[in-house]
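**Q** One structure is given below, represented as structure tokens, and several questions about it will come after.
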Amino acid sequence: MDVFGPNQEPFTEKDIYSPVKLAQMRTMVLRKTDKSIVIPVDHPTKKHFRVLGGAYGEIDARGPKLEIHDECINYLEKRLTSAKDAFRITSFVLKGDVQIGTFSGRPMPKNGRRVFDLQPIFKPSLGANYAWYQGASSRARFDDQRYIEPDLCGRPAASFQPTNDNPGIVIEVIRTHAPDEPTFARLFKLSKTAHFVIFYIIPDDDKESQHNRLWPERGIWDLRVTFYLANGRLYESGIEIPWTGSTQAHRYRQCVKGVLEQAKKEAISIEEMRRLAEIRLAKDGKAAKT
């Protein structure tokens, strides 16, 4: 049996015969190559390692990443970590009357012009102590031994599990592609267990867009979002997009194909937003004079 210590020190059954080695092994957690925990058994006639149950299986449930967007993820993690609990999630909420699209369910203003209010939808409780993770530390595990590894995950360190008051926060950065179907199915399930699942959509040339920004506002960082899942429900601009079908495959097509991929095509950089705003102001000023 191949057994290793925490620094990958190798041990064998023969080492159990050595009082020095045995004492050393009894000061550390030993594991097999499959990560299951073992203990040395100093049997009078047959020294051996005993396995303490099986290792928790881990199977990656998501497809291969087609694009690395570490710059954006690191940007978000650095600022949210420095903010500690001085952050909040806000949503761009459409003002006025809206109409719902037939298939996608996307809300659209009836007058054709999109005007928003900024509305807080989450702020950590006092002492929640949010910590942020990416890579293997951000993994969310499921009861079929599969896991997903979100781009960025925030968890309240003050509680053992996320709660309604202090949910887990999952941020999926969408630069070139939306989540594949297996990943979306897990994100949907995760959203029903006290997690916000935020789709952070950006263009190819910026870490922010008109859909979402991370912005300092009077000593608090605002994570401004447009698209997110909460309790199995999809929202855009603070308005629930009703599911038009009950199957997971239909929800995936509606959310990813009908909403997120279309929103990705619309995404523009902050610089481009400013340029268009200046053009619009100039046109409005010219129209006012005439």
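The values are calculated or read from the model by the stated rules, or taken from the named source; none is laboratory data. The structure displayed is predicted, hence computed values, not measured ones. When we count neighbours, we look across all protein chains shown, and the Cβ atoms used for this are built from the backbone with ideal geometry, even at glycine.
**Q** Can you name the condition, by its number, that Met273 falls short on among (1) in contact with a helix residue (DSSP H, G or I) (Cβ under 9 Å, 6 or more places away or on another chain); (2) assigned to a helix (DSSP H, G or I)?
**A** Condition (1) is where Met273 drops out.
**Q** May I ask you to verify whether Ile198 is farther than 16 Å from Leu234 by Cβ, touching a residue at least 24 places away in the same chain (Cβ under 8 Å) and touching a Phe, Trp or Tyr at 6+ places or on another chain (Cβ under 6 Å)?
**A** no
**Q** Scan the range 112-128 and give yes if some residue there is closer than 20 Å to Ala194 by Cα, touching a Leu at 6+ places or on another chain (Cβ under 6 Å) and in the same structural domain as Leu234 (by TED's automatic domain parsing), otherwise no.
**A** no
**Q** Same structure again: On the given criteria, is Arg26 over 30 Å from Ile201 (Cα atoms) and either modelled with pLDDT under 90 or basic (Lys, Arg) (or both)? Explain how you work it out, then say what you get.
**A** Numbers: over 30 Å from Ile201 (Cα atoms): yes; either modelled with pLDDT under 90 or basic (Lys, Arg) (or both): yes.
Here the answer is yes, as Arg26 does meet what is asked.
**Q** What is the one condition in (1) over 28 Å from Asp70 (Cα atoms); (2) in contact with a Gly (Cβ under 6 Å, 6 or more places away or on another chain); (3) of a type outside the set (Ser, Thr, Tyr) that Lys283 does not satisfy?
**A** (2)
**Q** Okay, next question. Take the range 139-157 and flag every residue that is in contact with a Pro (Cβ under 9 Å, 6 or more places away or on another chain) and of a type in the set (A, V, I, L, M).
**A** Ala140, Ile148
**Q** Please go through the range 223-272 and pick out each residue that is crowded, with 19+ Cβ neighbours inside 10 Å, of a type in the set (A, V, I, L, M, F, W, C) and touching a strand residue (DSSP E or B) at 6+ places or on another chain (Cβ under 7 Å).
**A** Within the range 223-272, Leu223, Val225, Phe227, Leu229, Leu234, Ile241, Cys255, Val259, Leu260, Ala263, Ala267 meet the criteria.
**Q** For residues that are at pLDDT 85 or above and of a type in the set (Val, Ile, Thr), scanning just the range 149-176, find the one that is farthest from Phe122 (Cα to Cα).
**A** Ile174
**Q** For the range 96-137, name all the residues that are of a type in the set (D, E, K, R), farther than 21 Å from Leu223 by Cβ and touching a residue at least 12 places away in the same chain (Cβ under 8 Å).
**A** Listed by number, the residues that qualify are Asp97, Arg106, Lys110.
**Q** Please state which one of Leu66, Leu76, Leu52, Leu80 is modelled with pLDDT under 90, of a type in the set (A, V, I, L, M, F, W, C) and either under 22 Å from Ile171 (Cβ atoms) or crowded, with 16+ Cβ neighbours inside 10 Å (or both).
**A** Residue meeting the stated conditions: Leu66.
**Q** Could you list all residues from the range 209-219 that are in a loop (DSSP other than H, G, I, E, B) and either surrounded by 23 or more Cβ atoms within 10 Å (Cβ to Cβ) or touching a residue at least 12 places away in the same chain (Cβ under 8 Å) (or both)?
**A** Kept after step one, since they are in a loop (DSSP other than H, G, I, E, B), are these residues of the range 209-219: 209-212, 218-219.
Result: Ser209, Gln210, His211, Asn212, Gly219.
**Q** Within the range 138-146, is there a residue that is farther than 17 Å from Leu190 by Cβ, free of Cβ contacts under 8 Å to residues at least 60 places away in the same chain and not aromatic (Phe, Trp, Tyr)? Quick ask: steps written out before the conclusion?
**A** Residues of the range 138-146 farther than 17 Å from Leu190 by Cβ: none.
No, because not a single residue in the range 138-146 is farther than 17 Å from Leu190 by Cβ, free of Cβ contacts under 8 Å to residues at least 60 places away in the same chain and not aromatic (Phe, Trp, Tyr).
**Q** Something else: When you scan the range 178-199, do you find a residue that is within 13 Å of the chain's Cα centre (by Cα), outside any loop (DSSP other than H, G, I, E, B), of a type in the set (Asp, Glu) and assigned by TED's automatic domain parsing to the domain that holds Leu152, even just one?
**A** Checking the range 178-199: not a single residue is within 13 Å of the chain's Cα centre (by Cα), outside any loop (DSSP other than H, G, I, E, B), of a type in the set (Asp, Glu) and assigned by TED's automatic domain parsing to the domain that holds Leu152.
**Q** In addition: Are any of the residues in the range 68-87 assigned to a strand (DSSP E or B), farther than 16 Å from Phe199 by Cα and in the same structural domain as Ala249 (by TED's automatic domain parsing)?
**A** Yes, that holds for at least one residue.
**Q** Could you please give the count of residues in the range 220-270 that are farther than 30 Å from Ala83 by Cα and not in a loop (DSSP other than H, G, I, E, B)? Spell out how you get there, then give the answer.
**A** Step one: filter the range 220-270 for residues farther than 30 Å from Ala83 by Cα, giving 241-259, 261-262, 265.
Adding the requirement that they be not in a loop (DSSP other than H, G, I, E, B) leaves 241, 248-259, 261-262, 265.
Counting residues in the range 220-270 that are farther than 30 Å from Ala83 by Cα and not in a loop (DSSP other than H, G, I, E, B) gives 16.
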